[in-house]
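Working notes for the structure below.
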Amino acid sequence: MLPECIEKIVKRIQIQPFQWRGTEWRVPKFQVYAIIKHPIAERFIYHEKQKVAILSLDKYDVPLFDPCHHDMESMPVHAVVLSHTSGNRFGLFAYPADVVLTPFSLPNDHKMISKLR
């Protein structure tokens, strides 16, 4: 999750929890690019037979995926926009949230942190 050189000096990781359709999801806070209240879809597309909302954020088109792999039939109260990298490539995607919960921190060696990796 963190580069090895940083992982050795970081003692705690901030976690951003949110709920979608009664299930709590947790992501590392440093991965959260933005939390958008009342997001508006620019358009809808189908990706691997799943209906996905596309959010337009400045110069980025951001897919809003249901983490349970359901179609996005209506827009959520919040969109939790997450960043990801692969090599030197950067991208954004979002998960829907009914409720954004209060962030909390865990020790870097907590068993839940290894599940986020």
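Here are the numbers:
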read-out: Charge context of residue 20, other residues only, Cβ under 14 angstrom, K/R +1, D/E -1; value: -3
read-out: Total charge dipole magnitude, the range 26-72, about the Cα centre, Cβ charges on Lys, Arg, Asp, Glu only, Debye to nearest 20; value: 180
read-out: Label of the coordinate-derived value, P(r) over Cα pairs in 5 Å bins from 0, in percent, listed as (i) 2, 10, 16, 15, 11, 10, 10, 8, 6, 5, 3, 2, 1, 1, 0; (ii) 2, 11, 24, 26, 20, 11, 4, 2, 0; (iii) 2, 11, 20, 21, 19, 14, 8, 4, 1; value: (iii)
read-out: Linear extension gain, residue 35 paired with residue 108, 0.36 nm per residue minus alpha-carbon span; value: 23.9 nm
read-out: Table column - 3J(HN,Hα) (Hz), the range 12-21, Karplus curve with 6.51, -1.76, 1.60, x for Gly and Pro; value: 9, 10, 7, 10, 10, x, 8, 10, 9, 6
read-out: Label-point separation in nm, residue 27 to residue 10, each point 7 Å along Cα→Cβ; value: 1.5
read-out: Loop trypsin sites (Lys or Arg not before Pro), the range 1-101 (other Cβ atoms within 10 Å of the site Cβ: 14 or fewer; DSSP); value: 8, 11, 21, 49, 59
read-out: For the range 55-112: rounded, prolate or oblate by the Cα gyration tensor [a/c cutoff 1.5]; value: oblate
read-out: Net lengthening on full extension, residue 44/residue 98 (0.36 nm per residue, minus Cα-Cα); value: 17.5 nm
read-out: Point-charge dipole on Cβ atoms (K/R +1, D/E -1) for the chain, about Cα centre, debye to 20; value: 380
read-out: The chain, relative contact order [Cα under 8 Å, separation at least 6], %; value: 32
read-out: MRE, 222 nm, helices only [DSSP H, n ≥ 4, -39500 (n - 2.57), over the chain, to nearest 500]; value: -1500 deg cm²/dmol
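Read-outs throughout are calculated quantities, based only on the coordinates presented, and are distinct from any laboratory measurement. The shown structure was predicted, so the numbers you read here are calculated from the model rather than taken from an experiment. Using ideal geometry, Cβ is built from the backbone for each residue, glycine included, and neighbour counts are taken over all protein chains shown.
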